[in-house]
């Protein structure tokens, strides 16, 4: 009889030791991060890379612009000042539209046509942030699969973070960097019809409103201010069985636009149809945009508006800087929570609390 303690080589139940599996996490990943941390770029490196059209350096510079860290903001301001004089006379186009109008699909199709004509395109998309988690999906690149691989296109989604003013300033600064990097067409895509359009209008030359046909009353729910700001309305998804509805919607919007007083630029807005699937109408929209820029430059409105926008953003930057300094003040930080509690418990009014905090700030600056 075979000893039970001895291995039975004739049995099918023998289990080999096998090959040792490699670790799931790369053991050298720490060296990678150490190596990259050591390669911190200087302002000269950033400026040189941006002016050379290096997309990686441009992305890193925009990350600095978006950062709230003081040391990042200091180097970002130096980069912006040095890049500002190198910007080209670009076409800044603000793009907005109702939910479901197909903004991302339109931008991919329209942007692909723009780059095919020899332009360099930068797409700055503002993604809405969750009010609960404060996070953003930043999924624009996943919806622009073709455009994001185009060597002449650069797509940069940014989270709104619940603060429209901060994102607007950072987007404005990102425009300056993109222009210095050689991009001559800038798309600024907004989160949708709402307050953000007014801010985007203050940093763009041309405002394009995307609308849907066949969604009920074509003019219902459209804010007068949004239509007044629009230089062109594009009825999207004008293909298949939707062509007749889109044509009717174009006529309705064209008539509505003529009811508004004439714009300061002398431009007469109109409505057009387009399809991101069949590409129908896209070239007509681009021709209309180029017609606008030719007119605005010839009568001087393009340069006048750029100057007014620069003045506007000077004041916006001052306002935001004062706000940041107020909340960073140590005397305010030490008393803010107590004032919050007094206001919430009804021991002090909101306006009185704000006035007292401002007095404290003025005495300790």
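Values computed for the structure shown
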{"quantity": "Extension gain, residue 198 back to residue 291 (0.36 nm per residue minus Cα-Cα distance, nm)", "calculated": "31.1 nm"}
{"quantity": "Distance histogram in 10 Å bins (all Cα pairs of region 313-363, percent per bin)", "calculated": "24, 46, 25, 5"}
{"quantity": "Gained length - residue 279 relative to residue 113, 0.36 nm times residue gap less alpha-carbon distance", "calculated": "58.9 nm"}
{"quantity": "Inter-site label distance for residue 336 and residue 270 at 7 Å from Cα along Cβ, in nm", "calculated": "5.2 nm"}
{"quantity": "Pairwise FRET efficiency - residue 347 versus residue 48, Cβ, R0 = 56 Å, nearest 0.05", "calculated": "0.45"}
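None of the figures in this text is laboratory data; all of them are computed from the coordinates on show. Everything numeric here is computed off the predicted structure, so don't read it as measured data. Here the Cβ is made from the backbone with ideal geometry for all residues, glycine too, and neighbour counts use every protein chain on show.
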